[in-house]
Amino acid sequence: MTATSTVKGTTMTQTGEQKTKRMSFRQAINAAMAEAMREDEKVVLIGEDLRGGNGGTNPDPTVEAFGGVFGVTGGLWTEFGGDRVIDTPISESAILGAAAGAAVTGLRPVAELMFMDFFGVCYDEIYNQAAKFRYMFGGKATTPLTVRGIIGAGVGAAAQHSTSPYHLFTSTPGVKVVVPSNPADAKGLLLASIRDDDPVIFCEHKALYDVKGDVPVGSYVIPLGKANFTRRGTDVTIIAIGNPVNAANKVADKLKGEGISVEVLDPRTTSPLDEEAVLQSVADTGRVVIADESAARCGFGHDLAALIAQKGFHDLKAPIHLVTPPHSPVPFSHALEQLWIPGAERIEEAVRTVLKED
Amino acid sequence: MTLSTAPAAAQDLSTDQLLEAYRRMAKIRKFEQRLHLENQTGDIPGFIHLYAGEEATAVGVCMNLKDTDYIGSTHRGHGHCIAKGCDIKGMMYEIFGKQDGLCHGKGGSMHIADLSVGMLGANGIVGGAPPLATGAALTAKYLGNHGVSVAFSGDGGSNQGTVFEAMNMAVVLNLPVVFVFENNGFGEASGADYSVGSKDVAGRAAGFGLPAVKVDGTDFFAVYEAAKDAVALGRSGGGPSVIEAKNYRWFGHFEGDANLYRTKEQIEEIKRDHDPLKIFRSKVEGLIDMAELDKIEQEAEQEVDESVAEARAAAEPTPDQLTVDVYKNY
């Protein structure tokens, strides 16, 4: 289905009428990769089971057996072939290391780490290699590498398949970090990430894969480092990134009925960070709730809080409230996992509290 | 495919090739011997790891490569840099941390890189090069340019998981990469006969489906011939391979290492019996005038002298450089 509505968003690069198509977060990411591969033959995908079945017992070698663990790369092997959609062994260090080596020697790889939790077995290839090449080689290396991976709690995937470690990536100089919250942003930000000449870590929240939205067709790029106001309001600002943006939107819509005007700010990228948008919103409302799924300690939310405390302190009418997970691994039990997630209920409670304080 | 275990005959190489090989080895030797002394002045920041004694391996391999081929190196990378064609002055400036160093003083000894000659960087992470070189080989294969990459690791690095992953992936994707293991007998201060469980670095290659050869890493002609075969294999689409080069490290793990895990007599014996430059000279006797080799050594020494004098006098990076080149755009 094709719609022709205008894409709304204060900082989107494309203005005016652009054709959109209703699609899922998953399809939007797939579309961005396809678009990038069509426009630049140096773009290759590398990871586990991007196609699947390759050389295995599949009786028909022309069949794309898997298309990624969540089906995100489905169809790309069929369109672009095995030279560009490269299935690898389960070897995360070799995947990221080879992608870094390929990037610095002329390709523009998009590496898939599957679950971002797995950075623990291979982050050296980013942390000590790709992220540092440019600086430690005196500016003579360019590493146009995108690493895609799945983050997020909410589907019972337990402690090793549910975390959102983007705060750790954010503290790594030399990499950019993207955490989209909706299908249109996922497409625009992924295309920007692949075109970017620096290493980018692109975090896909698994609870969003089936979420649908209107996504601009064709080439659609959202610059990295530009925040988006998903709701405009005057009483309180909720800063959220990734899936919590949707919870924050829900809270804003609910409280609107009570006459409470909530602004929701989605930074979209943690590195670079749109400090200007954050501080502007703080200046406008004076009350801040930060909803962040990364960590209870030294997380992205704490980084935002420090920024606001340092540069926006005099605009604050009340203490900053952080809504984060507890300092624990992600639990398996549905009952416990729901408590772990910084969801709409806890965000709403924080908003109500911050409105009463002064 | 089997890789040659017999050394090349000196007469198989042209006079120019022989002189060039000796020039590179002599430069490495003079460079490292001088750094051993310079480091004692306290004027070089950080850690340096010297390659003296292993010259024939870097040069024997790199004499088979073009500027468009890539190598990934180790923390002991000066020899690989020189063998691959990095500028000696640029290297010396870098090691002294100066603005006009190859990496503008931001990398130092352990991160010297020059992608314009295919040098993907010395690497402070042991086992760092194999995945990266595998990626460079992926680029070469994808572009169809018949390029080859080489990953240097030591016997210590051979035990890293990154190395195993890279070797397996290189086989699976049939990539033109040569894994060169410089077995100098020690990973830092621990013997390879202790830390390599099978006591056979090259022997592991069979488990990955890789052809492998062990050579005398102090004999330029042995390394050259094995690398020639391995590089040709990669260039022709035949995939990856392994070379284990037995070596002797003349100095400690790093400068300042008291070398307590071996005796002074052992080190003297290494220098007497396993000197790659002496071995090279003995093999080209009758083909090359020894006076020419003496002259090459003098020129190398002079170049190193000049580079030290200039590097010492050169400008430090300016404060505004502190956060330059973290990103291309941010």
Worksheet item: Of all residues in the stretch A:114-140, which are over 17 Å from A:HIS167 (Cα atoms) and touching a strand residue (DSSP E or B) at 6+ places or on another chain (Cβ under 7 Å)?
Response: A:MET114
Item to complete: Can you tell me which residue among A:PHE137, A:PHE169 is surrounded by 24 or more Cβ atoms within 10 Å (Cβ to Cβ) and under 14 Å from the mean Cα position of the chain (by Cα)?
Response: A:PHE169
Worksheet item: Here are B:ARG29, B:ARG76, B:ARG24: which of them is buried (at least 22 other Cβ atoms within 10 Å of the Cβ), closer than 15 Å to B:SER109 by Cα and basic (Lys, Arg)?
Response: B:ARG76
Response to the item:
The residue that is farthest from A:LEU45 (Cα to Cα), considering only those in the stretch A:105-134 that are charged (D, E, K, R) and free of Cβ contacts under 8 Å to residues at least 60 places away in the same chain, is A:LYS132
Worksheet item: Any residue at all in the stretch B:250-264 that is surrounded by 19 or more Cβ atoms within 10 Å (Cβ to Cβ) and in a helix (DSSP H, G or I)?
Response: no
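So if I check each of B:VAL242, B:VAL223, which one is buried (at least 20 other Cβ atoms within 10 Å of the Cβ) and part of a helix (DSSP H, G or I)? Before you say what the answer is, go through the steps one by one.
On the way: B:VAL242 fails: part of a helix (DSSP H, G or I).
None of the other options fit; the residue is B:VAL223.
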Practice prompt. Could you identify the single residue in B:ALA151, B:ALA166, B:ALA170 that is at the interface with chain A (Cβ under 10 Å from one of its Cβ atoms), part of a helix (DSSP H, G or I), in contact with a helix residue (DSSP H, G or I) (Cβ under 7 Å, 6 or more places away or on another chain) and in contact (Cβ under 8 Å) with a residue 40 or more places away in the chain?
Written response: B:ALA170
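When you scan the stretch B:121-131, do you find a residue that is crowded, with 23+ Cβ neighbours inside 10 Å, of a type outside the set (D, E, K, R) and touching a residue at least 60 places away in the same chain (Cβ under 8 Å), even just one?
Within the stretch B:121-131, the first condition is being crowded, with 23+ Cβ neighbours inside 10 Å, and the residues that meet it are B:121-123, B:127-131.
Within this subset, residues satisfying the condition of being of a type outside the set (D, E, K, R) are B:121-123, B:127-131.
Then keep just the ones that are touching a residue at least 60 places away in the same chain (Cβ under 8 Å); that gives none.
Among the residues of the stretch B:121-131, not one is crowded, with 23+ Cβ neighbours inside 10 Å, of a type outside the set (D, E, K, R) and touching a residue at least 60 places away in the same chain (Cβ under 8 Å), which makes the answer no.
Condition first: among the polar types (S, T, N, Q), under 20 Å from A:GLY139 (Cα atoms) and outside any loop (DSSP other than H, G, I, E, B). Now tell me which residues in the stretch B:300-330 satisfy that.
If the condition is that a residue be among the polar types (S, T, N, Q), under 20 Å from A:GLY139 (Cα atoms) and outside any loop (DSSP other than H, G, I, E, B), then B:GLN321 is the only one that fits.
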Worksheet item: When residues of the stretch A:116-163 are filtered for being touching a Ser or Thr at 6+ places or on another chain (Cβ under 8 Å) and among the hydrophobic types (A, V, I, L, M, F, W, C), how many remain?
Response: 10
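Do you know which of the residues in the stretch B:85-107 that are closer than 16 Å to B:GLU32 by Cβ and over 16 Å from the mean Cα position of the chain (by Cα) is nearest to the other protein chains (Cβ to nearest Cβ)?
We begin by selecting, within the stretch B:85-107, every residue closer than 16 Å to B:GLU32 by Cβ; these are B:86, B:88-89, B:91-92, B:94-96.
The next check asks that each one be over 16 Å from the mean Cα position of the chain (by Cα); those that pass are B:89, B:92, B:94-96.
Details: B:LYS89: 15, B:MET92: 15, B:GLU94: 8, B:ILE95: 13, B:PHE96: 14 Å.
Ranking the qualifying residues of the stretch B:85-107, first place goes to B:GLU94.
Does B:VAL231 meet the test of being surrounded by 14 or more Cβ atoms within 10 Å (Cβ to Cβ) and either under 28 Å from B:LEU13 (Cα atoms) or in contact (Cβ under 8 Å) with a residue 60 or more places away in the chain (or both)?
Values: surrounded by 14 or more Cβ atoms within 10 Å (Cβ to Cβ): yes; either under 28 Å from B:LEU13 (Cα atoms) or in contact (Cβ under 8 Å) with a residue 60 or more places away in the chain (or both): yes.
Answer is yes for this residue.
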Worksheet item: Hey, does the stretch A:225-236 have a residue that's surrounded by fewer than 24 Cβ atoms within 10 Å (Cβ to Cβ) and within 24 Å of A:GLU112 (Cβ to Cβ)?
Response: yes
Worksheet item: What is the one condition in (1) within 14 Å of chain A (Cβ to nearest Cβ); (2) without any contact (Cβ under 8 Å) to a residue 60 or more places away in the chain; (3) more than 14 Å from the chain's Cα centre (by Cα) that B:HIS75 does not satisfy?
Response: (3)
Response to the item:
Among (1) crowded, with 21+ Cβ neighbours inside 10 Å; (2) more than 14 Å from every other protein chain (Cβ to nearest Cβ); (3) under 19 Å from the mean Cα position of the chain (by Cα), B:ALA205 falls short only on (3)
Worksheet item: Assuming B:VAL117 fulfils every condition listed in (1) surrounded by 22 or more Cβ atoms within 10 Å (Cβ to Cβ); (2) more than 10 Å from chain A (Cβ to nearest Cβ) apart from one, which condition is it?
Response: (1)
Item to complete: Check B:ILE82 against each of (1) without any contact (Cβ under 8 Å) to a residue 60 or more places away in the chain; (2) in contact with a Gly (Cβ under 9 Å, 6 or more places away or on another chain) and name the one condition it does not meet.
Response: (2)
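At least 1 residues that are within 14 Å of chain B (Cβ to nearest Cβ) in each: list the strands (runs of 3 or more DSSP E) lying fully within the stretch A:127-226 that qualify. Steps first, answer last, please.
On the way: elements: A:146-151, A:176-178, A:200-205, A:212-216.
The qualifying strands (runs of 3 or more DSSP E) are A:146-151, A:176-178, A:200-205.
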Worksheet item: If B:LYS328 satisfies every condition in (1) under 23 Å from the mean Cα position of the chain (by Cα); (2) charged (D, E, K, R); (3) within 14 Å of another protein chain (Cβ to nearest Cβ) but one, which is the exception?
Response: (1)
Worksheet item: How many residues are within 12 Å of A:VAL251 (Cβ to Cβ) and either exposed (fewer than 14 other Cβ atoms within 10 Å of the Cβ) or of a type in the set (Asp, Glu) (or both) if we restrict to the stretch A:315-358?
Response: 3
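Conditions (1) outside the structural domain of A:HIS205 (by TED's automatic domain parsing); (2) over 25 Å from A:ARG297 (Cβ atoms); (3) in contact (Cβ under 8 Å) with a residue 40 or more places away in the chain, marked per residue:
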| residue | (1), (2), (3) |
| --- | --- |
| A:MET136 | no, yes, no |
| A:LYS140 | no, yes, no |
| A:PRO144 | no, yes, yes |
| A:ARG148 | no, yes, yes |
| A:ALA158 | no, no, yes |
| A:PRO165 | no, no, yes |
| A:PHE169 | no, no, yes |
| A:PRO173 | no, no, yes |
| A:VAL178 | no, no, yes |
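The values are calculated or read from the model by the stated rules, or taken from the named source; none is laboratory data. Not measured: the values here are computed from a predicted model. Because the Cβ atoms are built from the backbone with ideal geometry, glycine has one as well, and the counts that use them run over all protein chains shown.
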